[in-house]
Amino acid sequence: MLDLYNKQYDRETLKKHIYSEKLIDIVKTQNLDISFIVKYILNEKYQLCEDDKISIDIVLKYQKHISKRQIIHLLNFYDSDNDSILNFDV
């Protein structure tokens with residue numbers, strides 16, 4: 001497990017550990033980029049338990065550098081079907 005509350009991790013490390021950490025803890029503690037938020041945090045494929053049901057409003061509460069407009073814009077163009085298990089480790 002990562003020490004999310006005491007360290008900042010890069011995108012690749014977070015992606016590697018996405019199934020072993022609660023998404024809400026990642027959102028609360030890490031400085032995330034917009035594509036990571038859309039691709040992993042808001043993607044239902046990674047929301048495995050009730051605690052992981054993250055909304056745009058929750059993201060905005062903890063990721064102050066991201067705007068709702070940015071999230072919506074990227075969500076409109078993001079196709080989660082383009083992300084397969086084969087591409088996950090790339």
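The values are calculated or read from the model by the stated rules, or taken from the named source; none is laboratory data. All figures in this text were calculated on a predicted structure; none of them were measured in a lab. Neighbour counts run over all protein chains shown; Cβ positions are idealised from the backbone, glycine included.
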Seminar exercise, completed: With criteria (1) closer than 16 Å to residue 63 by Cβ; (2) surrounded by 15 or more Cβ atoms within 10 Å (Cβ to Cβ), residue 18 comes up short on (1)
Exercise. When residues of region 56-77 are filtered for being outside any helix (DSSP H, G or I), without any contact (Cβ under 8 Å) to a residue 12 or more places away in the chain and under 15 Å from residue 26 (Cα atoms), how many remain?
Worked result: 1
Exercise. Pick from region 7-39 the residues that are modelled with pLDDT of 95 or more, part of a helix (DSSP H, G or I) and of a type in the set (Ser, Thr, Tyr): which of them is nearest to residue 78 (Cα to Cα)?
Worked result: 13
Exercise. Mind checking whether some residue in region 58-75 is in contact with a Phe, Trp or Tyr (Cβ under 9 Å, 6 or more places away or on another chain), hydrophobic (A, V, I, L, M, F, W, C) and modelled with pLDDT under 95?
Worked result: no
